[in-house]
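Read through the structure below, which is laid out as C-alpha cells, and then see the notes.
Read-outs throughout are calculated quantities, based only on the coordinates presented, and are distinct from any laboratory measurement. If you're wondering where the values come from, they're calculated on a predicted model, not measured in any experiment. All Cβ positions, glycine included, derive from the backbone under ideal geometry; neighbour counts span all protein chains shown.
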C-alpha cells in the first residue's frame, strides 16, 4: 500500500520479520501528519505481529525537518509503550545530518539497510 500526499510518498509492508514503512520525498510541517499516521498504524500492526518490530526506511527522503524528528521520537515512544521495537534505516545526509546535529543518533540509531535493522540485537533499555 502506498499513499502520496504532496511531496511525500508512504508505503507499508508487513513482512515475516517486521512491519516496514518506506517513505520518499519531503517530510516537513505540511507532510508530517501523513508520516505520523503511517507510523502510528505500523506500531499498531506490529503490536499484533509475532516479530513486534517496525522498520522505518527513510532512504527515499529528500528533505527531513524537525517535524520528522519529532514524529520518529513519538513513534519510538509509542513502540516502547506497546513492546514494539522501532528501528530506522537512513543512509542519506538529508536524514542522518539532522539526527547527528540534534544528538539523537543514540536514540534513533540509523541502520544502513532493512536487513541490518531487523538483525540488530534488542535494545537493552
Yes or no: the range 110-120 includes at least one residue that is free of Cβ contacts under 8 Å to residues at least 60 places away in the same chain, surrounded by 14 or more Cβ atoms within 10 Å (Cβ to Cβ) and within 16 Å of residue 39 (Cβ to Cβ). yes
Could you tell me which residue of the range 95-109 is farthest from residue 68 (Cα to Cα), considering only residues that are free of Cβ contacts under 8 Å to residues at least 24 places away in the same chain and touching a strand residue (DSSP E or B) at 6+ places or on another chain (Cβ under 7 Å)? 109
